[in-house]
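Colleague: Could you have a look at this structure, given as structure tokens, before my questions?
The values are calculated or read from the model by the stated rules, or taken from the named source; none is laboratory data. Quick caveat: nothing in here was measured; it's all calculated off a predicted structure. Here Cβ is always computed from backbone atoms with ideal geometry, including for glycine, and neighbour counts include all displayed protein chains.
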């Protein structure tokens, strides 16, 4: 564990979906900056491997096997955080997904997909944010950072995913305009990743099954000629979590290497 200019020592942070990909990179980086970390995952294997990593780092952490589609699981997580820590300084609404669900022919997609993707992204963000706000206001300081997508701010992608991500953006922006919250030291921001290469996901499968097609896609769609790395998203999270970002509130910051096309 190292100290840093971010001055996050002994801040208490919850990263939803914090055991894989972007979430894991965020969990590790915040811990390296001195945060106490809470994280949740549906996967016991990913949970165990993350716990092993933090045990070696001698990090003070809380781990939860929880599904954000279960209200019972979500309540248990927040109840345990309040009971064991009594505070929460940083909330990273990272858990989500659904960008590859359903079918290209949207009318053939099961209606349940729309609802499940919305709940996994926007619904989870609503729940954890509403539970985190009172804990943050007690100490007059807080950071709520929601990992959205470039498809939450422009067209493209599958509509259920776009709608869910746009709802997250709307939530953060709406809360950022509440004087009674932000004047209590809370800020609300979004980070919108573009294509991030994460092992064990569709991107890796594409690269293995069709290397030429994958390389052509990257060359054509990504100005930098490469996909992003989870740590590049975590770098921005670390900054937004700190006092250095004190004037950034209600923003959506793309981390996409120029992939998105909107201004």
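Colleague: Across segment 104-117, which residue is nearest to the chain's Cα centre (by Cα) among those that are over 14 Å from residue 157 (Cβ atoms) and part of a helix (DSSP H, G or I)?
Modeller: Top of the filtered list is 116.
Colleague: Scan segment 232-241 and tell me whether some residue there is free of Cβ contacts under 8 Å to residues at least 40 places away in the same chain and more than 20 Å from residue 27 (Cβ to Cβ).
Modeller: The answer is no; no qualifying residue exists.
Colleague: Could you list all residues from segment 32-41 that are crowded, with 24+ Cβ neighbours inside 10 Å and either out of contact with any helix residue (DSSP H, G or I) (no Cβ under 6 Å at 6 or more places or on another chain) or touching a residue at least 40 places away in the same chain (Cβ under 8 Å) (or both)?
Modeller: The answer is 35, 38, 40.
Colleague: Tell me, which helices (runs of 4 or more DSSP H) lie completely within segment 1-90 with 1 or more residues that are closer than 19 Å to residue 127 by Cα and at pLDDT 95 or above?
Modeller: Result: 21-32, 71-84.
Colleague: Answer yes or no as to whether residue 92 is surrounded by 15 or more Cβ atoms within 10 Å (Cβ to Cβ), in contact with a strand residue (DSSP E or B) (Cβ under 6 Å, 6 or more places away or on another chain) and under 21 Å from residue 21 (Cα atoms).
Modeller: The answer is yes for residue 92.
Colleague: Going residue by residue through segment 224-236, is there one that turns out to be in a strand (DSSP E or B) and under 29 Å from residue 144 (Cβ atoms)?
Modeller: Looking through segment 224-236, at least one residue is in a strand (DSSP E or B) and under 29 Å from residue 144 (Cβ atoms).
Colleague: Going by the structure shown, is residue 194 surrounded by fewer than 21 Cβ atoms within 10 Å (Cβ to Cβ), in contact with a strand residue (DSSP E or B) (Cβ under 8 Å, 6 or more places away or on another chain) and within 29 Å of residue 242 (Cα to Cα)?
Modeller: Judged against the criteria, residue 194 is not a match.
Colleague: Tell me whether segment 133-143 contains one or more residues that are touching a strand residue (DSSP E or B) at 6+ places or on another chain (Cβ under 9 Å) and part of a strand (DSSP E or B).
Modeller: Within segment 133-143 (the criterion being touching a strand residue (DSSP E or B) at 6+ places or on another chain (Cβ under 9 Å) and part of a strand (DSSP E or B)), the answer is yes, since at least one residue qualifies.
Colleague: Of the residues 44, 4, which single one is touching a strand residue (DSSP E or B) at 6+ places or on another chain (Cβ under 7 Å), surrounded by fewer than 21 Cβ atoms within 10 Å (Cβ to Cβ) and over 23 Å from residue 227 (Cβ atoms)?
Modeller: Only one candidate passes the filter, namely 44.
Colleague: Hey, another quick one. Take the residues of segment 153-191 that are assigned to a loop (DSSP other than H, G, I, E, B) and at pLDDT 95 or above: which is surrounded by the fewest Cβ atoms within 10 Å (Cβ to Cβ)?
Modeller: Per the criteria, the residue is 183.
Colleague: What are the residues in segment 208-223 that are surrounded by fewer than 15 Cβ atoms within 10 Å (Cβ to Cβ) and either touching a residue at least 24 places away in the same chain (Cβ under 8 Å) or not in a helix (DSSP H, G or I) (or both), if any?
Modeller: If the condition is that a residue be surrounded by fewer than 15 Cβ atoms within 10 Å (Cβ to Cβ) and either touching a residue at least 24 places away in the same chain (Cβ under 8 Å) or not in a helix (DSSP H, G or I) (or both), then 210, 221, 223 are the ones that fit.
Colleague: Sticking with this structure for a sec: When residue 166 is evaluated against the numbered criteria (1) touching a helix residue (DSSP H, G or I) at 6+ places or on another chain (Cβ under 7 Å); (2) in contact (Cβ under 8 Å) with a residue 40 or more places away in the chain, which criterion, by number, is the only one it fails?
Modeller: Condition (2) is where residue 166 drops out.
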